[in-house]
Structures are given as structure tokens and as C-alpha cells.
Amino acid sequence: MRKIQQKAILLIISSAFGAFFLHYKLGKYNFLNVNPQYSVVEAQESRKAIVRSVCESNNLTHSSFVLDRKVAAQLYVEQSHRFIYCEVPKVGCSNWKRIILLLNESLARTPDELQYYQVHKSKQLKKLSSYPPSRQKELLANYTKVMFTRDPLERVVSAYRDKFLHEDDVYYSKGYANLIKKSLGIQSKTNLTFEQFANFITKENPSNRDTHWKPMYQLFDPCNIQYDFIGKFETLVEDADFVFKTIEAPKYLKYPTMKHHSNESRTNDDISIHYLEMLPPILFRKFLSVYSLDFSIFDYSHYQTNISKLVKTT
């Protein structure tokens with residue numbers, strides 16, 4: 001009888017798991033096909049209201065706020081257009097760094113002339129953390145502050161594909177991958193699997209989590225920094241154009257479409273589901289909980305009503 005009950009429970013879990021992915025895929029499809037009537041202004045009002053509401057309900061807003069040094073290190077300052085951009089890995093950050101460099105009037109270049117490694121190591125990129133505390137406070141109060149988010153699960157899948165499936169990034173594909181496997185007690189010379197990666201994320205010390213898969217809300221603290229613009233990867237073109245107009249960037253400036261591995265498909269919902277389906281239901285539940293606040297704060301839960309059901313049944 002006990003075996004029959006166990007099989008029944010597993011069947012319920014599998015059904016909920018499958019239902020989630022179907023709902024996830026259908027919901028993402030509707031979301032990514034942006035409504036022709038999409039209004040950036042209306043979207044901003046909604047996004048900011050949701051951020052305020054979720055932050056307050058989770059007691060994440062503090063009256064005696066002191067800017068965390070790690071958050072300050074994620075913020076880039078562009079002086080000529082009084083612009084502050086928060087770097088969130090796997091949310092188009094390389095191209096936003098290109099934008100910052102192109103906004104620098106001393107550079108007469110085009111986006112394709114700014115190569116990936118050059119962009120990330122350029123000394124002309126100025127972090128907020130490089131300024132004294134009093135100046136940091138002044139810049140945050142007077143400059144246009146911009147952040148961009150992405151579907152939390154898709155972002156992590158993108159991080160895995162970019163960092164652990166390419167030999168050119170030895171630090172991650174070899175060094176970090178071996179550290180992950182060692183921490184899990186795995187002795188293998190094969191590539192780090194996505195299941196191993198997800199398992200590691202659920203067990204690692206959150207304070208030491210790498211920025212490429214660290215929850216977004218921890219990277220730019222939207223509960224205590226009032227960002228002027230909250231963009232989304234899913235509406236990137238429309239949102240970027242609005243930012244350019246807001247900061248009075250040159251009219252010819254457009255958001256670049258360049259990506260690091262040009263011969264590889266960009267991570268999308270189908271690719272994400274392919275990897276997520278590899279996770280056993282119990283692991284998936286733990287993995288999902290790591291990013292639960294990202295889903296709520298940045299309003300990605302509207303196409304994931306089956307998540308709560310999944311968590312309760314597993």
C-alpha cells in the first residue's frame with residue numbers, strides 16, 4: 001500500500017511539474033509578443049508600484065538606508081548625460097556598457113568596434129563605488145537611475161550556457177565548474193551539468209553567490225534605491241529607446257544587438273524549458289525558491305500561477 005501511495009504522490013508531482021512548464025511556455029509566449037498598444041509610461045507606473053508594494057510587504061524597505069558597497073559596485077555612472085546604469089549580468093549588460101562608452105563624447109566609435117572583453121575591462125567605465133560616500137549620495141539623488149530585469153529562470157539558464165558550456169571562459173568552465181563539483185562531492189572531468197549547477201545554487205552560501213546567478217533584487221536593491229526607470233529584457237527595444245530620449249542621448253543611438261557568442265542562439269523560453277525539465281521536481285522547487293522574490297518584485301508571476309501549486313505539492 002505504501003508503494004502505491006508513493007507512486008501516486010510522484011504522479012501528482014510530475015503532473016504539476018508538467019503543468020507548470022506548459023503554463024510557463026504559454027505565458028512567456030504571450031508576454032514576449034508585446035502588445036502593439038504597449039505603453040512604456042503605463043508600464044513604468046505599474047512596475048514601480050509593484051516594486052514598492054512587494055518590498056514593503058516583505059519588510060525590505062529601510063528608513064535608515066546605507067548604500068551597500070556591493071550594490072555601489074554594480075552601478076555605472078555616465079557623467080555627460082547624468083546617467084546611472086545598474087549592471088545585471090545576463091540582462092544585456094555588455095551592450096549597456098557599450099552604450100555608456102558610446103555616450104562618452106571622447107569616443108568616436110560604433111558598437112561593433114567595442115569588443116566583449118574590451119567593454120568589460122574599459123577604464124572609461126566609472127563605478128559609483130569609486131566615488132566617496134557623500135558624492136555617491138548626491139549622484140543617486142540627481143542622476144537618472146536605470147535598471148533592467150529578465151525572467152529569473154531564463155536568466156540563470158543563460159548564465160549556465162554562457163559560463164559553463166564554452167571553453168573560452170576558463171575561469172568558469174574549468175575553475176569554477178571544478179569547485180562546484182568538488183563542493184557537491186562529484187569526481188568527474190565531464191562538463192558541469194545543469195542539474196549539478198542548480199543543485200549547487202540551492203546549497204551555496206547566498207552571501208558568496210556569483211553575480212551571474214545572484215537574485216536580481218540583491219544586485220541593485222530596488223527596495224531602497226528609487227530607480228527612475230525599470231526596464232525589462234522582454235521589452236528591451238521599446239524601453240531602451242525611452243531611456244535614450246529621457247537622458248537626451250544622440251538621436252542616432254540605438255540599442256546594439258551584439259552578443260558574446262554570435263554563432264549561438266540567444267537563450268529563450270524554449271531553450272530555458274529544455275534545461276529546466278532536466279531538474280527533478282524536488283530540486284526544481286528548491287531552485288525556484290532562491291528566486292521567489294525576483295518573481296514577485298519584478299512582476300514575473302503573472303504567467304506562473306502554477307508555481308505556488310507546484311511548491312505546495314512537492
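The values are calculated or read from the model by the stated rules, or taken from the named source; none is laboratory data. Computed from a predicted structure; not experimentally measured. Note that each Cβ is placed from the backbone with ideal geometry, even for glycine, and that neighbours are counted across all protein chains shown. Accessible surface is based on the protein model in full, side chains and every heavy atom, while ligands, DNA and RNA are left aside. Shrake-Rupley method; radii C 1.70, N 1.55, O 1.52, S 1.80 Å.
The test for being outside any helix (DSSP H, G or I), within 20 Å of the chain's Cα centre (by Cα) and of a type in the set (S, T, N, Q) does not hold for Asn191. Close contacts from segment 174-189, counting a first residue that is of a type in the set (S, T, N, Q) and a second that is in a helix (DSSP H, G or I), with Cβ to Cβ under 7 Å and a gap of 6+ residues or different chains, come to Ser183/Phe200; Ser188/Lys181. Segment 222-303 holds helices (runs of 4 or more DSSP H) entirely within its bounds, and those carrying 2 or more residues that are within 30 Å of Thr61 (Cα to Cα) and either touching a Ser or Thr at 6+ places or on another chain (Cβ under 7 Å) or open to solvent by 30 Å² or more (accessible area, probe 1.4 Å) (or both) map to 236-246, 281-290, 292-297.
Tell me, please, whether a residue that is open to solvent by 70 Å² or more (accessible area, probe 1.4 Å) and among the β-branched types (Val, Ile, Thr) can be found in segment 206-220. The answer is no; no qualifying residue exists. Only a single criterion out of (1) more than 30 Å from Ser64 (Cα to Cα); (2) in contact with a strand residue (DSSP E or B) (Cβ under 8 Å, 6 or more places away or on another chain) is not satisfied by His166, namely (2). Would you check if Asp168 is outside any helix (DSSP H, G or I), open to solvent by 10 Å² or more (accessible area, probe 1.4 Å) and modelled with pLDDT of 95 or more? Considered against the rule, which asks whether it is outside any helix (DSSP H, G or I), open to solvent by 10 Å² or more (accessible area, probe 1.4 Å) and modelled with pLDDT of 95 or more, Asp168 comes out as no. Selection of first residues in segment 262-286 that are free of Cβ contacts under 8 Å to residues at least 60 places away in the same chain and farther than 27 Å from Asn95 by Cα and of second residues that are in a helix (DSSP H, G or I) and not β-branched (Val, Ile, Thr), restricted to Cβ pairs under 9 Å at least 6 apart or on distinct chains, gives the following pairs, ordered by first then second residue: Arg285/Leu310.
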